[in-house]
Structure formats: structure tokens, C-alpha cells
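Data block below; observations after.
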Amino acid sequence: MSGVKISSLYRNFTGGVPVLDGVTLTIAPGEFLALLGRSGSGKSTLLRILAGLDRGYHADALEMPDSVSVAFQEPRLYPWLRVWRNVVLNLPVENRRRVARQALAEVGLDKKADVWPLTLSGGQAQRVSLARALAREPELLLLDEPFGALDALTRLSMHKLVLDLWRRHRPGVLLVTHDVDEALLLADRVLVLDAGRIVANISVAVPRPRRMTHSVLDGLKTELLAHLGVHVDPQPTGA
């Protein structure tokens with residue numbers, strides 16, 4: 001397996017406005033990395049470049065694994081295809097139905113293989129999106145705010161599922177999110193992107209499963225929020 005290595009990555013949009021301004025980062029094989037940033041900081045642009053969906057960049061170096069999969073915030077399922085066909089769409093493998101059912105079983109949806117996507121709940125549709133990504137056996141899994149549209153309880157179950165799948169398959173993961181808690185609960189390392197530049201690179205050396213009541217995570221949250229421009233007043237101590 002190979003990781004990701006980016007050196008001095010630049011991306012300008014119309015009028016020469018810099019969206020990514022000299023980004024340098026690495027993702028080791030099997031590492032779970034979270035990327036935080038305010039809206040317009042360049043997070044989704046960076047993910048699109050890593051996914052091969054944006055070629056208008058310049059970089060001194062951009063080394064990527066051979067196999068990359070993406071799960072977006074919207075599941076992007078084709079409503080006219082059964083669930084299992086969505087999972088293996090454009091996947092050049094034999095025994096497509098078997099491959100699809102195996103991937104669906106990993107996300108707890110093997111019994112939904114033959115239903116139409118419009119009959120799924122939001123959480124189920126997002127699970128199908130993950131199954132589709134995993135069916136490609138990626139070395140790098142890109143997650144573009146995949147839990148943002150889910151309710152709180154469904155989001156927590158998806159967190160557990162993603163960690164279980166990551167432990168089982170060990171791809172490198174880049175999770176783009178706005179949620180500081182989510183980043184700290186899931187990732188080995190958290191980056192903060194601001195105005196196209198990485199302004200923080202923080203390791204999360206807390207064993208999993210994690211709870212935000214952990215004192216180390218609480219301190220890291222305050223640090224990350226400060227990098228995001230949110231300053232939290234310290235809580236008063238009890239008498």
C-alpha cells in the first residue's frame with residue numbers, strides 16, 4: 001500500500017484568486033486524517049483534486065495510491081437502479097451481484113440489495129454510498145462531509161460503522177468535516193485549513209473508543225476552535 005504525499009499544491013480560480021496556497025501534507029498508509037476548515041477555506045477543492053475531479057492545479061509533488069474511492073455528503077444513488085447495481089456501477093469485476101452483496105453485508109444492508117434507492121432512509125442511503133466506495137477496495141478513502149445531513153443518532157451509528165470498516169480494511173482516510181467533535185472522535189490526526197493554507201496539524205493520541213468528556217480531547221477541541229476563529233471562555237471552577 002502507498003500513502004499520499006503533496007508538496008506545494010496551488011489552485012487558483014477565475015481571476016487568479018488562490019483557493020489552495022502552497023498546501024503540503026502526507027497521509028500514511030492506513031492513517032485516518034480529518035480536515036477542518038470554515039466554508040470557503042479550500043477543503044472540498046483539496047478533496048476534489050485528490051479524487052481526480054479537478055486537474056487545474058500546480059504542485060511540486062502529488063503522489064497518490066493507485067485506488068481511490070469517494071463518499072460524498074449526498075449518497076448520489078441512481079434511483080432507476082436497484083441498490084446492488086448502484087454498489088457495483090462501473091466496477092469491472094466478475095460476479096457483480098456477489099461483490100455487491102458482500103459490500104452491503106459489511107454495512108448491514110445485505111437484505112436491501114434488491115430494493116429501489118428511494119425506499120431507503122438517509123442513513124441507509126449513506127451506508128450504500130460507503131458500500132460502493134469499499135467495493136472498489138481503495139487504498140485511500142475520501143469522505144466529503146458524509147454525515148452532515150444525518151440526524152444526531154444516525155450520525156453516531158455511522159461514526160462507529162466507519163471506524164469498524166476502517167479497522168477491517170485499513171485504507172488511508174481523509175475525512176472533510178465542519179464538526180470538531182467528529183474530527184476528534186474519529187481521526188488519528190486533525191488538520192485545519194484556512195484561506196488555502198494548513199494552519200494546524202494536531203495528533204490525537206487518545207485510545208478509541210473516545211468520548212468528548214476526555215480531558216485531552218476537551219483541550220484539543222479548544223485549540224482547534226481557536227484555529228477556526230472561535231474562542232471559548234474557560235469554564236469557572238467549582239467553589
query = So what are the ³J(HN,Hα) numbers for segment 185-198, from phi and the Karplus equation (6.51, -1.76, 1.60; θ = phi - 60°), rounded to whole Hz, Gly and Pro as x?
reply = 6, 9, 8, 6, 8, 10, 10, 10, 9, 9, 6, x, 10, 7
request  = Any lysines with Cα under 23 Å of the Lys112 Cα? List them, leaving off those in the same chain fewer than 8 positions away.
outcome  = Lys160
message = What whole-number distance in Å separates the alpha-carbon centres of segment 211-225 and segment 89-157?
response = 31
remark   = Checking Arg197, Arg55, Arg189 against a Gaussian network model of the chain (alpha-carbon springs below 10 Å), the top fluctuating residue turns out to be Arg55
ask   = Taking the Cα atoms only, what angle lies between the long axis of helix 152-169 and the longest principal axis of the chain, rounded to 10 degrees?
value = 80
Convex hull of Cα atoms in segment 138-239, direction-averaged projection (nm²) = 8.0
message = Between [x] 18.6, 68; [y] 20.2, 77; [z] 17.2, 54, which entry matches Rg and Dmax of the Cα atoms in Å as derived from the coordinates of this structure?
response = [x]
remark   = Looking only at aspartates and glutamates whose Cα falls under 13 Å of Lys221's and that sit 8 or more positions away or on another chain, we get Asp179, Asp181, Glu182, Asp233
key: Most fluctuating residue given options Ser44, Ser215, Ser129, as computed from a GNM of the chain linking Cα atoms under 10 Å   = Ser215
query = For the chain, modelled as a Gaussian network with Cα springs under 10 Å, which listed residue fluctuates most, Val115, Val107, Val128?
reply = Val115
message = Can you tell me the length gained on complete extension of the stretch Lys111 to Thr24, counting 0.36 nm per residue apart and subtracting the Cα distance?
response = 27.0 nm
ask   = What's the FRET efficiency of Arg96 with Val17 using the Cβ-Cβ distance as r and R₀ = 45 Å, to the nearest 0.05?
value = 0.55
ask   = By DSSP, what percent of the beta bridges with both residues in the chain are antiparallel, rounded to the nearest 5?
value = 55
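Read-outs: derived from the displayed coordinates by stated rules, not from any lab. Keep in mind it's a predicted model, so treat the numbers as computed, not measured. We place every Cβ from the backbone using ideal geometry, glycine too, and count neighbours over all the protein chains shown.
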